[in-house]
Amino acid sequence: MRDVAIIGIGQIPVGEHWDTSIRHLALGAAMNALQDANVAQVDAMYVGNMLSGHISGQEHLGAVVADFLGMAGVEALKVEAACASGAAALRVGLMAVASGMSDIVMVVGVEKMTDTSGQDTTAALAMAADAEYEISQGVSFVALNALLMRRYMHEYGWAREDFANFAVNAHANAVHNPHAMFPKAITAAAYNRAAIIADPVGLLDASPVCDGAAAVILAPLDVARSLSPAPVRVRASAIATDPIAMHDRPDPLALHAARLSSQRAYAAADIQAGDVDFFELHDAFTIMSALSLEAAGFAERGQGVRLALDGEIARDGRIPITTLGGLKARGHPVGATGIYQVVEAVLQLRGLAGAAQIPNARLGMTQNIGGSGATIITHILEAL
Amino acid sequence: MTEKIALDWRLRGQRYRLEGEECPHCGYAIFPPRDICPECHQPAKEPFQLSGRGEVYSYSELRHAPTGFEEYAPYTVALIKLEEGPMVTAQLTDIVPERVEIGMPVEMVTRRLRAQGDEGTLVYGYKFRPRLALA
């Protein structure tokens, strides 16, 4: 297997793009990435997306994006793994380059979520859960996270207010991200006042419905330096699964696939959790931040919230997270999120994150979660 | 939401009677049926009907319902740990929301899950209510 590097990144601002269709969202990010990598053609492209069929009535997204990029003829596929579709597409791209089957590969993550009503989008997102035994009971994704959060509070004695700093930290970081949907600070008091959507989950626990696209260009490491002034090496890519329904996991709070995926990534990169300089985790809901920090080895079981309360997740803390806003404040266009995380990690590792820069960032980790935790994909990236 | 008559019919044993399976190798109770024991990974196709008794593992009152459930909001969904071991996701019914708590004993009842418009079929299935008689 060959080592692989990221030689280009591209993104468009996350938001409600009423005037832009899904194909043009993808094109915007793809063009930026091609320009950043200074390449005109790729050998293959993989498009991470979850909901194009349901929301835009458009499947077959690989061919659509290749066509509208003027690259018809190229190998192109859509890759789907619910909210982890972006990272799943990246993994397919990495396999293509590492195996030697392709040299220059583009991975695009894209999601258009605002073309349907709120209820329809809620119902579409629920497809990430078990259709026969979860969705059929009328649960939404917010409700699944609420079930986790309530049990966590019950088992470990935390109050709802204790989760506030996950949202406060994400928004504080998003202020420095020109591509973030909500580049404005919030206070803990605002978090506490926010409307409850599914008790105990409030509006400021949850990431927003939005549109977005991000892209990366991959190349073999041995030629990356000649192609890019600042390539970033992919040290590890690891995916793990868990039962599709939350109720079928022996311990739903363990986020077992995150533990497996993280451990596999640490082993592949030959590092330990403590070596990571920052962690772009999947903060679709505040409870997911707590569970992810625990499963990835940054906190004991039940103590993930403590890291937020103690300020250890901030830029100057022990393990900075959501350094450019995370899902909460940058936004969570589901199939694009895994690529936004990687684009932001590359910015940190290139030293180009501006006021959000983590000093001397050398190793970054990203983790993209599908559903309530049934697919979890971890990447570890290294500055060269 | 499109009607899926065969799908709803196919699940009648699970939705109306909590029909699962019991592993003949290790005795593990399985719901829903999956024909392979999640505990010992041996084939497991022995039909087994769960009692429908359990307790609340977690719950949430949902105020923004997905398409197809809007008319019922707000309603309370829960994770129910069944006596025999499996956990299910289901709505709570016949409750005073403020009195729901983790650990509350509940029992299965058959209720309407969804009406599919004025002309469509009614979908029935399990919900759980506070246990009436603690046996």
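Computed over the protein assembly as shown, the per-residue total of -39500 (n - 2.57) for DSSP H runs of n ≥ 4 gives a 222 nm mean residue ellipticity of -8500 deg cm²/dmol, rounded to 500.
Residues of the range A:246-271 that lose at least 10 Å² of accessible area (1.4 Å probe, protein heavy atoms only) when the other protein chains are present, relative to their chain alone, are A:Met246, A:His247, A:Asp248, A:Pro252. Between the alpha-carbon centres of the range A:309-384 and the range A:2-16 there is a gap of 13 Å.
Based on alpha-carbon positions alone, could you give the equivalent ellipsoid semi-axes of the protein assembly as shown from the gyration tensor, as √(5λ), descending, whole Å?
Working: eigenvalues 303, 123, 99 Å².
They are 39, 25, 22 Å, listed from largest to smallest.
For the range A:1-140, dividing the convex hull volume of the Cα atoms by the residue count gives 116 Å³ per residue.
Report for chain A the percent antiparallel among DSSP-assigned beta bridges with both residues inside it, nearest 5.
Numbers: 38 of 53 bridges.
Counting only bridges with both partners in chain A, antiparallel ones make up about 70 percent.
What the phi angles of the range A:135-147 give under the Karplus curve with 6.51, -1.76 and 1.60, with θ = phi - 60°, is a coupling list of 4, 4, 8, x, 7, 10, 5, 4, 5, 4, 5, 5, 4 Hz, glycine and proline written as x. Can you bin the range A:266-384 into rounded, prolate or oblate? Criterion: square roots of the alpha carbon gyration tensor eigenvalues sorted a ≥ b ≥ c, rounded for a/c under 1.5, prolate for a/b above b/c, oblate for the rest. It is rounded, given that a/c, with a ≥ b ≥ c, falls under 1.5. With all protein chains in place and a 1.4 Å probe, the accessible surface of the range B:2-130 carries 47 percent carbon and sulfur. Normalised by residue count, chain B yields a Cα convex hull volume of 122 Å³ per residue. Heavy-atom accessible surface of A:Thr241, to the nearest 10 Å², is about 90 Å², with a 1.4 Å probe and all protein chains retained.
With r defined as the distance between the Cβ atoms of A:Asn192 and B:Glu46 and R0 fixed at 41 Å, what FRET efficiency is calculated, to the nearest 0.05? Before the final figure, lay out the partial values.
Working: r = 51 Å, r/R0 = 1.25.
Efficiency computed from Cβ-Cβ geometry: 0.20.
Taking the three principal axes of the alpha carbon atoms in the range A:292-338, the coordinate ranges are 30, 22, 13 Å, sorted in descending order.
Chain B contacts chain A over a buried accessible area of about 2800 Å², both sides summed; the probe is 1.4 Å and only protein chains count. Cβ screening of the protein assembly as shown for cysteine pairs under 4.7 Å finds these without a partner: A:Cys83, A:Cys210. Reported to the nearest whole Å, the Cα centre-to-centre distance from the range B:47-118 to the range A:235-308 is 29. Counting protein heavy atoms only, the range A:248-374 has 46 percent of its accessible area on carbon and sulfur, 1.4 angstrom probe.
What accessible area per residue comes out for the protein assembly as shown, rounded to a whole number of Å², with a 1.4 Å probe?
Details: 19770 Å² over 519 residues.
Per residue, the protein assembly as shown has an accessible area of 38 Å².
Among A:His60, A:His24, A:His379, the order of accessible area from largest down is A:His60, A:His24, A:His379, computed with a 1.4 Å probe on protein heavy atoms.
Determine the relative contact order of chain A: mean sequence separation of Cα pairs under 8 Å and six or more apart, normalised by residue count, in whole percent. Could you put the intermediate results ahead of the total?
Working: 950 pairs, mean separation 98.9, N = 384.
Across chain A, relative contact order equals 26 percent.
Could you tell me how many degrees, from 0 to 90 and to the nearest 10, lie between the Cα long axis of helix A:164-174 and the main elongation axis, the longest principal axis, of the Cα atoms of chain A? The helix A:164-174 is inclined about 30 degrees to chain A. Where both bridge residues fall in chain B, DSSP classifies roughly 95% of the beta bridges as antiparallel.
Taking square-rooted eigenvalues a ≥ b ≥ c of the alpha carbon gyration tensor, is the range A:173-285 rounded, prolate or oblate, where a/c under 1.5 means rounded and, failing that, a/b exceeding b/c means prolate? Don't jump to the answer; show the numbers that get you there.
Details: a/c = 2.34, a/b = 1.32, b/c = 1.77.
Here the range A:173-285 falls in the oblate category.
Just checking the listed ones, A:Glu280, A:Glu344, A:Glu134: in the Gaussian network model of chain A with Cα springs under 10 Å, the one fluctuating most is A:Glu134.
Working with all protein chains in place, sort A:Tyr191, B:Tyr72, B:Tyr16 by solvent-accessible area computed with a 1.4 Å probe, largest first. All intermediate terms of the calculation are to be shown ahead of the outcome.
On the way: A:Tyr191 0, B:Tyr72 55, B:Tyr16 100 Å².
In descending accessible area the options line up as B:Tyr16, B:Tyr72, A:Tyr191.
Between B:Leu132 and B:Glu71, the modelled label-to-label distance comes to 2.7 nm, taking each label 7 Å out from Cα in the direction of the beta carbon.
Separation of the alpha carbons by more than 23 angstrom is noted, of A:Lys328/B:Lys127; B:Lys4/B:Lys45; B:Lys4/B:Lys127; A:Lys78/A:Lys112; A:Lys112/B:Lys4, for A:Lys328/B:Lys127; B:Lys4/B:Lys45; A:Lys112/B:Lys4. Considering only A:Thr322, A:Ile22, B:Gly52, the residue lying farthest towards the positive end of the dipole of the protein assembly as shown is A:Thr322, judged by Cα position with unit charges set on Cβ. Only protein chains counted, 1.4 angstrom probe. Which residues of the range A:76-122 are at least 10 Å² less accessible in the assembly than when their chain is isolated? Output list: A:Gln119, A:Asp120, A:Thr122.
The values are calculated or read from the model by the stated rules, or taken from the named source; none is laboratory data. Everything quoted here is computed from the prediction, not taken from an experiment. Note that we place each Cβ from the backbone using ideal geometry, even for glycine, and neighbour counts take in every protein chain shown. Please note that ligands, DNA and RNA were not included when accessible areas were found on the heavy atoms of the full protein model with its side chains. Shrake-Rupley method; radii C 1.70, N 1.55, O 1.52, S 1.80 Å.
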